[in-house]
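*Asks:* Starting off with a structure, shown below.
Just so it is clear, none of the values below were taken in a lab; they were calculated from the coordinates. Predicted model, so just to flag it, every value in this text is computed and none were measured. Positions of Cβ are backbone-derived with ideal geometry, glycine not excepted, and every protein chain shown enters the neighbour counts.
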Amino acid sequence: MSQEIKNLPPSIMEEAVEEILKLYPTKVARKRRSHIVVVNPDEEQQQIEANVRTIPGIITQRGCCFAGCKGVVIGPIIDMVHIVHGPIGCAFYSWGIRRNMGRVQEGMKNFLQYCFSTDMQEENIIFGGEKKLREAIREADKVFNPVAISVHATCPIGLIGDDIHQVAREMSRELGKQVLSFSCEGYKGVSQSAGHHIANNGLFKNVVGRDDEGEEEGFTINALGEYNIGGDAWEIERILKSCGIRILSTFSGDGSYEEISRAHKAKLNMVQCHRSINYMAEMMEKKFGIPWIKVNFIGVNASVKSLRKIARFFDNEELTRRIENVIEKELAEATPQIEKYKPLCKGKKAMLVVGGSRAHHYQELFRDLGMASIVAGYEFAHRDDYEGRQALSTIKVDADSRNIEELHVEPDTERFRPPKTEAEIARLKEEGTIDSYEGMMPNMIKGSIAVDDVSHIEMEKLIRRFRPDVFCAGIKDKYVIQKMGVPSKQLHNYDYGGPYAGFRGAVNFAKEMAMLLNNPVWSYVKPLWKKDPEIRAGFGNK
Ligand code: CFM
C-alpha cells in the first residue's frame, strides 16, 4: 500500500509555479502570479487574488452571471416556472445538465424537467422583446399554473434594454401571483458569482418571509447552499431527520417557493456552499436574527464535525445524545465499506479545480480515503472562500462588484427573533461556531498549490508536471484531461453518479474512486498525434 502524502516540498512547488508562468508575457505572468499560492501553514494569512476579471485571451473555465442566477440559485426551485428571456441557445444549453434533482411531492408541482424560453429572434432584438415576454409569461401560466414565475435576462436583453422588471410587475398584477425578474445578463460581473448575489437579493427581497402564518416548533433549520446535485440534499436530509432536526427549506436544491416563503421561521441557517449563498445567510441574520453555521457534508469526518457543530449550537442534551447515536450508527455502517476501498485509493494524488466551494469540500473526502490534494482551486470564489472570512475587511470593492446591488438590511421590527440570548450568540461567535468560515487554504497541506481561475494551459502544465492520479473538474476540461491519460471526475454534476454527501454518499464516492483510479485503461490512452505521424504541410516544394 502506498504512503499517504502529508506535505510537499514548498521550494519544488514554487519552482513549478515559476516554470508554468514562463508561458506568459511578463505582464500577464505578473498578474497570474497573484492568483497562485504555494500553501504554507506556517505563514500567517496567505493572500490570493480572486474575483477579478479574467485576462482577455486566456481560456478560463468560468461561467456567466446568468448561469449563477438562473442555473445555480433560482433554477432548482421546483414549483416555479423559470423563463429564460433570450435567444434559445441560452436556455437549451443550461437545461438539465447540472443534475440538480427534485422529486414530485404531494400537492406540489415540479417543473424541473422543462425548459422555458422566449426564444428571441432577430426581429425581437431589433424591435424589442417585451411583448414576447409578456405573452410567454401568460402562456406559461395558462398551461402550467405554477405558484410563481421567474424571468431571467440573458446578454442581448440587457443590450437592447427590455424593461423586464416593468413587464414582471404588470404580469404579477394580471395573474395575481409573483413574477420575479432578474437582470442577470451573462456579462454582468466577472463570473457566475455575480449571478448568485443577484439571485440572493431577489429571493430575499421578494420571497423570504412572505408566509408568516403559524409557528415552527423544534430544531428547525434551513439548508442554505445545497443544490441537490446527484441527490446530495436527500442524504443530508435523511441524516438530519434521524437526529430529530427538521429542514424547513433548502436553498434551493429540491426547494420550493412555498418553503422559502417560510424560511424566516427557522432557528438556524446551515450553510453548505458559502460562495453562492453567504449573502442570504447574512441578510437573514440581520433581518430575522437567525445565525448561520458553516457545515460540510462532503466526507465522513466532515459530516461528523458538521453534526457536532449543529449539536453545539442547539446545546440541548436530548438532541446531542440523538446526534451522537446517529453518528455511531452511521459510522458503523459506512466505515467498514470505506475501509474496503481505502487501500485502493491511499497515497494517490488528486487535483481539483471546481467552482466556488467543492474544491475545498472534497479535500475532506479525499482525506478520508488517504488521498492528498496537491492542487486545488476555484473558478470564481472570492478571497474569503480561500483565506477565511477575516479576509473580508481587506477586500477592495472594484467597479465590477459595485455593479451588483448591495441590499441595506435592517432588523424586522416584529420578526427579529434570535433563537439565543445576546450573550450566547456572542460566545458562539467568539468560538467560531456561528457566522464563521475559515476558507480553503488553511485546510490544505503544506506545499500544495492553490490556484484561482486556472487557465487551460496552466491546467495542462500542472498535469504534465505532477501527473495526478485523478483530476476533478467539469465538462469543459474532462476530455482534455482524459486524453492526457489521467482520469477525470466531474465534481459539478457528478457525471452519472451521486449522492456523494453524507455517510452513504462517501461510500458511493469511495467505490467510484477505487474503480476509477485502478482502471488500467488510462495507461493505454494515447493521443492520436502520438500514434500516427503528424501530417505537416508546406508551400510549393519546400
Ligand atoms: Fe456552490 Fe454549487 Fe459550488 Fe456554485 Fe457551480 Fe455547482 Fe460548483 Mo458547478 S453553487 S459554488 S456555481 S457548490 S454549479 S452546485 S458544482 S460550479 S463548486
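*Asks:* Counting only residues 5 or more places away or on other chains, whose amide H sits under 5 Å from the amide H of Gly377 once H atoms are built in the peptide plane?
*Replies:* Under 5 Å from the amide H of Gly377: Leu352, Val353, Val354, Val451.
*Asks:* Taking the alpha-carbon distance from Lys346 and a cut-off under 20 Å, which aspartates and glutamates remain once sequence neighbours fewer than 8 residues away in the same chain are dropped?
*Replies:* Excluding near neighbours in sequence, the set is Glu4, Glu364, Asp368, Asp469, Glu512.
*Asks:* Give or take rounding to whole Å, what are the principal axis extents of the alpha carbon atoms in segment 375-445, in descending order?
*Replies:* Between the extreme Cα coordinates on each principal axis of segment 375-445 lie 45, 35, 18 Å.
*Asks:* If contacts are Cα pairs under 8 angstrom and at least 6 residues apart, what is the relative contact order of the chain in percent?
*Replies:* Computed over the chain, the figure is 20 percent.
*Asks:* Go ahead and collect, in residue order, the members of segment 143-177 whose backbone nitrogen is under 15 Å from a label point 7 Å along the Cα-Cβ direction of Asp211.
*Replies:* Counting only backbone N, you get 146-149.
*Asks:* Where both partners of a DSSP beta bridge lie in the chain, what percent of those bridges are antiparallel, to the nearest 5?
*Replies:* Within the chain, antiparallel bridges account for around 15 percent of the total.
*Asks:* Within the set of other residues whose C-beta is less than 14 Å from the C-beta of Phe366, count the net charge using Lys and Arg as +1 and Asp and Glu as -1.
*Replies:* With Lys, Arg at +1 and Asp, Glu at -1, the neighbours total +3.
*Asks:* I would also like to ask the following. Tell me, what is a quarter of the convex hull surface for the C-alpha atoms of the chain, in nm² with one decimal?
*Replies:* The directionally averaged projection comes out at 29.3 nm².
*Asks:* Could I ask something else about it? Let's test the formula: R0 of 25 Å, r as the Cβ-Cβ distance of Glu430 and Ser393. What FRET efficiency results, to the nearest 0.05?
*Replies:* For Glu430 and Ser393, the calculated efficiency is 0.90.
*Asks:* Sketch the reach of a paramagnetic label on Arg417 as a point 7 Å from Cα along Cα-to-Cβ, and name the residues of segment 244-259 whose backbone nitrogen lies under 17 Å away.
*Replies:* Within reach of a label on Arg417: 246-249.
*Asks:* Let me ask something else. Towards the positive end of the charge dipole of the chain, with charges on Cβ (+1 Lys, Arg; -1 Asp, Glu), say which of Leu180, Tyr378, Tyr437 has the farthest Cα.
*Replies:* Tyr378
*Asks:* Treating only the Cβ atoms of Lys and Arg (+1) and Asp and Glu (-1) as charged, compute the dipole magnitude of segment 400-542 about its Cα centre; round to the nearest 20 debye.
*Replies:* 1420 debye
*Asks:* Right, next: Just to confirm a number: summing +1 for Lys and Arg and -1 for Asp and Glu over residues other than Pro10 whose beta-carbon lies under 14 angstrom from that of Pro10, what do you get?
*Replies:* Neighbourhood net charge equals -3.
*Asks:* Separate question: Cut-off under 21 Å on the C-alpha distance; same-chain residues fewer than 8 positions from Lys286 excluded. Which lysines are left, in chain and number order?
*Replies:* Answer for Lys286, where 21 Å is the Cα cut-off: Lys205, Lys265, Lys267, Lys294, Lys420, Lys429, listed by chain and number.
*Asks:* Using per-residue counts of other Cβ atoms within 10 Å, averaged over each peptide, order 6-14, 319-327, 58-66 from highest down.
*Replies:* In decreasing order of mean packing, 6-14, 319-327, 58-66 become 58-66, 319-327, 6-14.
*Asks:* Can you give the net charge of the other residues whose Cβ lies under 11 Å from the Cβ of Arg427, counting K and R as +1 and D and E as -1?
*Replies:* So the surrounding residues net to -2.
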